[in-house]
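The values are calculated or read from the model by the stated rules, or taken from the named source; none is laboratory data. Keep in mind it's a predicted model, so treat the numbers as computed, not measured. Because the Cβ atoms are built from the backbone with ideal geometry, glycine has one as well, and the counts that use them run over all protein chains shown.
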Amino acid sequence: MAKDVTVRMRRVYDAVDPDDGARVLVDRLWPRGLAKDAARLDEWCKDVSPSSELRKWYGHRAEAYEEFAERYRAELAGEPGRGALERLRGLAADGPLTLLTATKELELSHAAVLRNLLREGA
């Protein structure tokens, strides 16, 4: 994948930015309190989100992030994650891609792992 791929992450509750490009929700669950029409999504890619078991195990504990990222990458190597990740790669190749999540700590989220994978082209 080209090095000039633009992949951002933002909270789904944030206002739409004109530079967002394709806006894709990458959470398995719909964000609380958000009306579907207010989200202004291009796509909801549930299959690229971590399994419920992994999400519950992690619990957004900073000290567990590295192991979470490793386990999550392993999940993405199988189906349906691999196919969903390929879909995101295609969107990123076409222009800016913004990964949306309800998570408060973006840098400790699955969206950060996804952004890094997409930027690496892995």
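Within segment 80-122, the set of residues being among the acidic types (Asp, Glu) and either under 18 Å from TRP44 (Cβ atoms) or assigned to a helix (DSSP H, G or I) (or both) comprises GLU86, ASP94, GLU107, GLU120.
Residues that are surrounded by 13 or more Cβ atoms within 10 Å (Cβ to Cβ), within 15 Å of the chain's Cα centre (by Cα) and modelled with pLDDT of 95 or more are absent from segment 57-64.
Scanning segment 30-56 for residues that are under 13 Å from the mean Cα position of the chain (by Cα) and of a type in the set (Phe, Trp, Tyr) gives a single hit, TRP44. Within segment 66-101, being among the aliphatic types (A, V, I, L, M) and touching a strand residue (DSSP E or B) at 6+ places or on another chain (Cβ under 7 Å) holds for LEU88, LEU91, ALA92, LEU97, LEU99, LEU100. Report the residue count in segment 35-56 for those that are surrounded by 13 or more Cβ atoms within 10 Å (Cβ to Cβ) and assigned to a helix (DSSP H, G or I). The qualifying residues number 5. Taking ALA2, is it out of contact with any strand residue (DSSP E or B) (no Cβ under 9 Å at 6 or more places or on another chain) and at pLDDT below 95? Answer is yes for this residue. Among the residues examined, ARG32 does not qualify as buried (at least 17 other Cβ atoms within 10 Å of the Cβ) and basic (Lys, Arg).
Restricting attention to segment 18-48 and to residues that are among the acidic types (Asp, Glu) and touching a residue at least 60 places away in the same chain (Cβ under 8 Å), the residue that is farthest from ALA93 (Cα to Cα) turns out to be ASP27. Do the conditions hold for ASP47, that is, is it at pLDDT below 95 and on the phi < 0 side of the Ramachandran plot? Against the criterion (at pLDDT below 95 and on the phi < 0 side of the Ramachandran plot), ASP47 does not qualify. Report every pair of residues separated by at least 6 positions or lying on different chains whose Cβ atoms are under 8 Å apart, first residue within segment 76-105 and within 22 Å of HIS60 (Cβ to Cβ), second among the polar types (S, T, N, Q). Matching pairs, first to second residue: THR101/SER109; THR103/SER109.
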